[in-house]
Amino acid sequence: MPLLDFEFTHHALHFPQLRLWFDAHRKQGPGQLVVVSHAHSDHTARHAEVVLSAPTQKLMAARLGGKRQEHVLAFGERVALTEPRFGVPRDAHLTLWPAGHILGSAMAKLEAEGRSLLYTGDFKLRAGFSSEICQPVRADILVMETTFGRPRYVFPPAAEVIAGLIQFCRDCLARKEVPVLLGYSLGKAQELLVALGGAGLPLMGHDSMARMTEIYVEFGRAIPAVRPWDPTAAAECVVLAPPGAALEALRKHQTIRLAVVTGWALDAGCRYRYRSDAAFPLSDHADYPELLEFVRQVAPERIYTLHGFAGEFATQLRRLGYDARALTEVDQFELALDEPTE
Ligand SMILES: [Zn+2]
């Protein structure tokens, strides 16, 4: 059985012969090595032993707490898994490459028996303001996320979206209303802080994003100053909060206007779904053209798709002549109600 053969189980890749997992959702105990692509909660668990990038180590520790055996790899550092520290019994090499999704997000390239497999985790090709730049590499087998794997998902240029966001904020402030931008506290929040800080808007951040933002600063990101969460003092500020944050105290003291910031803003019903007044399509994921471009750059013999429109995207790839199959099928209900990291 080839060493790169994997099982797809509980939304994770498992290489049984290597005792290796990519993004296991279920906690793995000692003797199982888990590569954590990035620190979003749907990609992590309290594993005993992990391989990750330095920023992911910090972000994961801040979010999960606890102790674990950590193997921090630099991007582009190719390691033999037979090294005693990993304890993998069979000959294979692992390299992490920047995925461009959030700070520290990594793709994992696994090489064994003269073949290679690239697992993307979440990624985007466009340069963000606060993540590393995605670095696609060649591989024989590609396992990729396809969250926005449908032709209708083409994001407008980020500069255009941000100009619209800034206008939304200025219009609110001119009416003595407090604009509240809803974005995930890890990744989206920091993108927004950089984008809006440049416009000279005074910013206030929800408590949940403070520690995450500190870690971005520790890794050299120029994040503008953010006022600590204080609903009584939010007048004349642009407020950033994660979707689902309790905003009652803020509503008590201010008239607020909500804008959700997500790739799903391209869907007509998005702002109703998030009960917001406006929606802006700024995403940490690849859009459809980027997914296709990524496949071209990796030039794999075989492709496996997962997350979002995995089935549709695999069908499209087969039409283009690729050997592609979906590991997950789209679940519209799930997409509509539960996209915690977008
Ligand atoms: Zn993510």
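The values are calculated or read from the model by the stated rules, or taken from the named source; none is laboratory data. Note that the structure is predicted; figures quoted are calculated from it, not measured. Glycine gets a Cβ as well: all are built from the backbone with ideal geometry, and neighbour counts include every protein chain shown.
Of note:
- Applying the criterion of being of a type in the set (Phe, Trp, Tyr) and under 20 Å from Gly164 (Cβ atoms) to the residues of region 263-293, the residue that is nearest to the ligand (Cβ to nearest atom) is Trp264.
- Residues located in region 64-96, provided they are within 23 Å of the chain's Cα centre (by Cα), at pLDDT below 95 and on the phi > 0 side of the Ramachandran plot: Gly65, Gly66
- Within region 291-328, the only residue that satisfies the criterion of being within 18 Å of Val137 (Cβ to Cβ), assigned to a helix (DSSP H, G or I) and aromatic (Phe, Trp, Tyr) is Phe294.
- Tabulated pairs, region 20-39, first assigned by TED's automatic domain parsing to the domain that holds Ser131, second part of a loop (DSSP other than H, G, I, E, B) and among the acidic types (Asp, Glu), C-beta under 9 angstrom, 6+ apart or interchain: Val34/Asp23; Val35/Asp23; Val36/Asp23; Ser37/Asp23; Ser37/Asp122; His38/Asp23; His38/Asp122
- Residue within region 181-200 that is part of a strand (DSSP E or B), more than 19 Å from Ala127 (Cβ to Cβ) and under 25 Å from the mean Cα position of the chain (by Cα) present: yes
- Candidates in region 98-120 are the residues that are under 15 Å from Leu142 (Cα atoms) and in contact with a Phe, Trp or Tyr (Cβ under 6 Å, 6 or more places away or on another chain); of these, the one that is nearest to the ligand (Cβ to nearest atom) is Ala99.
- Selection from region 25-39 of residues that are within 16 Å of the ligand (Cβ to nearest atom) and modelled with pLDDT under 95: His25
- Filter result (farther than 26 Å from Glu160 by Cβ and either acidic (Asp, Glu) or in contact with a Phe, Trp or Tyr (Cβ under 9 Å, 6 or more places away or on another chain) (or both)) within region 213-235: Glu214, Glu218, Asp230
- Residue tally, condition free of Cβ contacts under 8 Å to residues at least 60 places away in the same chain and either under 15 Å from Leu81 (Cβ atoms) or buried (at least 23 other Cβ atoms within 10 Å of the Cβ) (or both), over region 117-133: 0
- Within region 54-109, considering residues that are under 20 Å from Met144 (Cβ atoms) and of a type in the set (S, T, N, Q), the one surrounded by the fewest Cβ atoms within 10 Å (Cβ to Cβ): Thr95
- Counted residues, region 14-24 - those being part of a strand (DSSP E or B) and within 16 Å of the ligand (Cβ to nearest atom): 1
- Look at (1) assigned to a helix (DSSP H, G or I); (2) within 14 Å of the ligand (Cβ to nearest atom) and you find that Gln57 fails only one, number (2).
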